Amino acid sequence: MTFLKDDIIRYRLEKAQVTFNEAKSLADGRFWNGAANRLYYSCFYSVIALLAKDDIPASTHNGVRTEFFRRYIKTGIFSRDFSSLYTDLMGKRQESDYDDFHNFSEEDIMPLFAEAENFNKTIHEYLLYAERET
């Protein structure tokens, strides 16, 4: 089955929002490791939507991070703060998923919600603007 690029971008942005909402639900239940995972993935889905817009292939999480930095941070399209947040969330996802006996706390995760929400919103708005320009 073949999909149009715009359909893929919209799907990934919707998935970013759903996944962000999952992170909030996990935080409400005080499942901090799960919330860290879902926050990362919400931003990941926004970034892969962005890469799809510009037909940039990336097949691994590190590849996605590298292309995001090279094409959007280094060029000044997005703030370096976005790169720092993305890298931090990626590290937390790795720790929560793979490190034995590692448990995040509310203090570790709750401040990241506003940053991740802004990250996703900014990328979403950028893509909507780009869509109107074409």
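The values are calculated or read from the model by the stated rules, or taken from the named source; none is laboratory data. No experiment lies behind these values; they were computed from the predicted model shown. Cβ placement follows ideal geometry from the backbone for every residue including glycine, while neighbour counts extend to all protein chains displayed.
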Among all residue pairs at least 6 apart or on different chains, which show Cβ distances below 8 Å where the first residue, located in region 57-80, is under 21 Å from ILE8 (Cβ atoms) and the second is surrounded by 12 or more Cβ atoms within 10 Å (Cβ to Cβ) and among the acidic types (Asp, Glu)? ALA58/GLU67
Looking at this structure, is ASP108 touching a residue at least 40 places away in the same chain (Cβ under 8 Å), more than 30 Å from LEU4 (Cα to Cα) and either more than 13 Å from the chain's Cα centre (by Cα) or not in a helix (DSSP H, G or I) (or both)? yes
Across region 25-59, the tally of residues that are outside any loop (DSSP other than H, G, I, E, B) and either touching a helix residue (DSSP H, G or I) at 6+ places or on another chain (Cβ under 7 Å) or within 19 Å of HIS124 (Cα to Cα) (or both) stands at 24
Look through region 30-89, keep the residues that are loosely packed, with under 15 Cβ neighbours inside 10 Å, among the hydroxyl-bearing types (Ser, Thr, Tyr) and farther than 21 Å from PHE104 by Cβ, and return whichever of them is modelled with the lowest pLDDT. SER59
Taking region 90-119 as the search range and keeping residues that are surrounded by 15 or more Cβ atoms within 10 Å (Cβ to Cβ) and aliphatic (A, V, I, L, M), which one is farthest from TYR45 (Cα to Cα)? ILE109
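Quick test for you: out of THR66, THR87, THR122, THR75, pick the one residue that is at negative phi and outside any helix (DSSP H, G or I). Steps first, please.
Numbers: THR66 fails: outside any helix (DSSP H, G or I); THR87 fails: outside any helix (DSSP H, G or I); THR122 fails: outside any helix (DSSP H, G or I).
Unique residue meeting the criteria: THR75.
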